[in-house]
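Here the structure is laid out as structure tokens; the discussion comes afterwards.
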Amino acid sequence: MQDLIKNLPKQAAEKHNESKKFFAKLRKKPPKNLDYIMQELHEEEFERTDCLECANCCKTTGPLFTDKDIERIAKFFRLKPQQFISQYLRIDEENDYVLQSVPCTFLGADNYCSIYDVRPKACREFPHTDRKKFQQISNLTLKNVAICPAAFNIVEEMKKRIK
Ligand code: SF4
Ligand code: SF4
């Protein structure tokens with residue numbers, strides 16, 4: 001898995017133009033059953049992929065935190081939201097709350113998330129490959145395929161399945 005992750009940015013860069021063209025076409029004319037296809041591809045891929053062997057998203061990017069995330073996680077630590085913010089978060093260029101540093105401070109050495117049950121919504125949904133109207137997040141996906149081996153495989157499989 002570690003070799004695969006190391007090679008992923010290069011592999012994603014090699015496929016970038018092809019994938020970009022594929023998504024441009026997909027946005028113009030998405031198949032009627034795209035939500036169904038994505039659900040299937042997502043489930044198939046995550047039956048094969050063990051996120052605990054990877055954790056590359058938690059190590060390299062980290063989520064954004066919504067107000068609801070902050071309230072929920074602060075409560076878990078018995079902190080006031082403002083205390084949680086000053087201890088762990090910063091505001092990024094897009095005015096979103098993000099982690100002060102990566103790898104995520106809540107990631108254990110065993111790749112387990114220490115706040116798993118209350119983790120941010122963005123963590124629960126990453127890499128968003130089972131999202132409805134998937135064609136609408138193609139720019140984000142083109143970035144995610146360089147981080148997430150599962151997202152990379154799903155996009156490659158999409159290209160084979162949707163002509
Ligand atoms: S979601 Fe993707 S990047 Fe994150 S741990 Fe799972 S396979 Fe790795
Ligand atoms: S909160 Fe948990 S799931 Fe989210 S990035 Fe941190 S370790 Fe990963």
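Nothing in this text is a laboratory measurement; each read-out follows from the coordinates by a stated rule. Everything numeric in this text was worked out from a predicted model, so none of it was measured. Note: ideal-geometry Cβ built from the backbone for every residue, glycine included; neighbour counts use all protein chains shown.
Selection of the range 50-59 for residues being within 13 Å of ligand 2 (Cβ to nearest atom) and either surrounded by 15 or more Cβ atoms within 10 Å (Cβ to Cβ) or outside any helix (DSSP H, G or I) (or both) yields Cys51, Cys54, Ala55, Asn56, Cys57, Cys58, Lys59.
Taken over the range 84-139, the criterion of being away from ligand 1 (no atom under 13 Å from the Cβ) and among the polar types (S, T, N, Q) is satisfied by Ser86, Gln87, Asn95, Gln100, Ser101, Thr105, Ser114, Gln135, Gln136, Ser138, Asn139.
When the range 119-163 is limited to residues that are within 14 Å of ligand 2 (Cβ to nearest atom) and surrounded by fewer than 16 Cβ atoms within 10 Å (Cβ to Cβ), the one that is nearest to Lys32 (Cα to Cα) turns out to be Glu125.
Return yes or no: is Leu107 in contact with an Asp or Glu (Cβ under 9 Å, 6 or more places away or on another chain) and either over 20 Å from His128 (Cα atoms) or surrounded by 11 or more Cβ atoms within 10 Å (Cβ to Cβ) (or both)? Spell out how you get there, then give the answer.
On the way: in contact with an Asp or Glu (Cβ under 9 Å, 6 or more places away or on another chain): no; either over 20 Å from His128 (Cα atoms) or surrounded by 11 or more Cβ atoms within 10 Å (Cβ to Cβ) (or both): yes.
Criteria not met by Leu107.
Against the numbered list (1) surrounded by 12 or more Cβ atoms within 10 Å (Cβ to Cβ); (2) within 16 Å of ligand 1 (Cβ to nearest atom); (3) farther than 30 Å from Lys25 by Cβ, Arg72 comes up short only at (2). Considered as a group, the residues in the range 80-99 that are in contact with a helix residue (DSSP H, G or I) (Cβ under 9 Å, 6 or more places away or on another chain) and within 12 Å of ligand 2 (Cβ to nearest atom) include one that is nearest to Ala55 (Cα to Cα), and that residue is Leu99.
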